[in-house]
Amino acid sequence: MEKKRCCKVRRLKVVNIGLQGFAESLRKQGVKVAQVNWRPPRKLDSEIKNLLDELL
Amino acid sequence: MSIQTVRIYENRYADSVTLMGIADAVKKNDGVLFAEVQMATPANLEVIRGLGFNVPPEASPNDLVVAIAARDEAALKSAEQDAIDRLDRKRGEDGETFNSIDDVDAADGWNLCQISLPSEYVAEEAKKAIGKGMDVFIFSDNVSIEDELELKRLGEERGVLVMGPDCGVGMLDGVSLATMSLVGGGPVGIVGASGSGAQEVACIVEKAGSGISALIGTGGRDLYPQIGGLTMIKGMKRLDADGATKVIVLVSKLADRGVMKKVLDEADKLSKPAVAIFLGADEELFANRKTVASFSLEEAALKALALCGIDCGGFAFGKSKIDSLVGREMQKFDASQKYIRGVYCGGTFAEETLIFLNKNNPGADLRCNLKTRYAARLADSWKSEAHSIVDMGAEEFTLDAPHPVFDPELRLKRFRQEASDPEVAVILLDFITAPGVHENPILPFAKACAKAISDRKGKLSVVASICGSKNDPQDIVRCARELEDAGVILAASNYQSAQLASAFMKSLDERR
């Protein structure tokens, strides 16, 4: 049976944002994965951003 | 007497599955009476307050809340420290981490960004990843269609794939993404707007002795007029340029006719042969086209393999096999047994069955809990009537319970309900296996089927099919054996299940 795979030339390297279970599943398959320690944007940040958008 | 603490961690996020795992571990500490670790959403805070905890009013949905009750001060402090340690460990464990997608340098080879965040945060992070030239796979649903269009247009500009939102399955470079089955390698490349439909095609390809080069999911709305099939078209072009792909299969539910035509126009221009299945489409859509038409998921898989020169002659059901199987089973039934009942976990599979029954059993009294052109609607989704096909993944069943692919309990209950109905002769079941779904979705049904068939003194037929790979952690070879040992008729695909259902319906209706 043919075993060739898509995109062989560029090995998959995954950045995972969200469910850590998905990152673990990829690691079990031998894939290089980095987890983003994501934080929700601060409400204040978006208010400042809007003010800056108005000013600039 | 107990003491309690509530601590708010400002602007801190972890997904609910991780947080539940931490809470369960903290509960196991000596002297702990209760522990909850959640994002501080209004709904979560209401539950925690309802349990008697005094939650500070300034807690916001962007914060994380830890609420613990323990027998004494020492137990409380120890449990609280345990929660903090586990939260910190989760953040740093298992290799490389970034504090933000902004810190990722695509020049280091990072080429795919997988996103499963609450919907309101998806677009911003996806835009950043696309801007870095990364392909994007978005599992999250409920992202606005305007955001989806913007992301897919950006993807076009940057030459990257935007898979999703609401993309449940994918396989790139031999790697299974999200809840995709671990299907082996081979020459068939698939682009799918229906996740379980695409997965069924992939699994049939494997069952028939071959494998897939890639599966590119598009998300369920890609063929909406607003999106115009952007990812399906980009995906087929990517596969056309891929050395491992020999034939391309396009999979979707019935979509906007203009978009389906546009997608087929593009498919006709590919250098490689293409097969298309738009579940429920008519033959006229495919008239005078190079792209090969198919009208079931099984047919799509088998036609793709035939185009690769792979013979799978023995796979499809012949009429004589169906007739002999159904003839044998019909002899078991009493005159009072009149109906078939489908109890499905895959919406696409329920629909594929409905389409087949609607076409091949005209005039039959067929009902369904879904609003569909193929059957009358059940008055009450919780109670079947006449011949019924029930999609247990529909909203009315998943409002208060997990989807049946993640927790089979509610579907098991419905199975037992149908099996104890004296008017029922045949029950249809589908099963889905993959790394991301329930770890044991089939064996509880095998036991329930054995018991039901025994309780009915053999006067009950159960037909089932498994959408899964032999490499999936659920061990489908063993599961299939258990089902057959229980007396279940195991079909090799959902389409074969539908063919049997149709023959049963015809025989039962003619007998009345």
Would a scan of the range B:445-463 turn up a residue that is of a type in the set (Lys, Arg), crowded, with 17+ Cβ neighbours inside 10 Å and not assigned by TED's automatic domain parsing to the domain that holds B:Ala208? yes
Under the condition of being over 21 Å from the mean Cα position of the chain (by Cα) and within 7 Å of another protein chain (Cβ to nearest Cβ), which residue from the range B:109-127 is surrounded by the most Cβ atoms within 10 Å (Cβ to Cβ)? B:Leu112
Looking at the range B:422-436, which of the residues that are within 21 Å of B:Asp472 (Cβ to Cβ) and in a strand (DSSP E or B) is nearest to the other protein chains (Cβ to nearest Cβ)? B:Ile432
Scan the range B:239-263 for residues that are within 11 Å of chain A (Cβ to nearest Cβ) and charged (D, E, K, R) and jot them down. B:Asp242, B:Lys246
All helices (runs of 4 or more DSSP H) inside the range B:296-372 with 3 or more residues being surrounded by fewer than 16 Cβ atoms within 10 Å (Cβ to Cβ): B:319-330
By residue number, the members of the range B:356-377 that are of a type outside the set (Gly, Ala, Ser), in contact with a strand residue (DSSP E or B) (Cβ under 9 Å, 6 or more places away or on another chain) and closer than 14 Å to B:Met505 by Cα are B:Leu357, B:Asn358, B:Asn361, B:Asp365, B:Leu366, B:Arg367
Quick one: count up the residues across the range B:181-205 that are modelled with pLDDT of 95 or more, of a type in the set (Gly, Ala, Ser) and assigned to a helix (DSSP H, G or I). 3
Positions within the range B:279-295 being among the small types (Gly, Ala, Ser) and surrounded by fewer than 15 Cβ atoms within 10 Å (Cβ to Cβ), in sequence order: B:Ala287
For the list (1) more than 14 Å from chain A (Cβ to nearest Cβ); (2) buried (at least 21 other Cβ atoms within 10 Å of the Cβ), I need the number of the one condition that B:His403 fails. (2)
Looking at B:Ser213, B:Ser176 in this structure, which one is under 19 Å from the mean Cα position of the chain (by Cα), at the interface with another protein chain (Cβ under 10 Å from one of its Cβ atoms) and buried (at least 22 other Cβ atoms within 10 Å of the Cβ)? B:Ser176
If the requirement is being more than 10 Å from every other protein chain (Cβ to nearest Cβ), buried (at least 22 other Cβ atoms within 10 Å of the Cβ) and in contact with a Gly (Cβ under 8 Å, 6 or more places away or on another chain), which of these qualifies: B:Gly133, B:Gly168, B:Gly159? B:Gly168
Quick one: which of B:Phe98, B:Phe53 is surrounded by fewer than 20 Cβ atoms within 10 Å (Cβ to Cβ), within 14 Å of another protein chain (Cβ to nearest Cβ), among the aromatic types (Phe, Trp, Tyr) and on the phi < 0 side of the Ramachandran plot? B:Phe98
Tell me whether the range A:41-52 contains one or more residues that are at pLDDT below 85 and within 25 Å of B:Arg89 (Cβ to Cβ). yes
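The values are calculated or read from the model by the stated rules, or taken from the named source; none is laboratory data. A quick note: this is a predicted structure, and the numbers were derived from the prediction, not measured. Neighbour counts run over all protein chains shown; Cβ positions are idealised from the backbone, glycine included.
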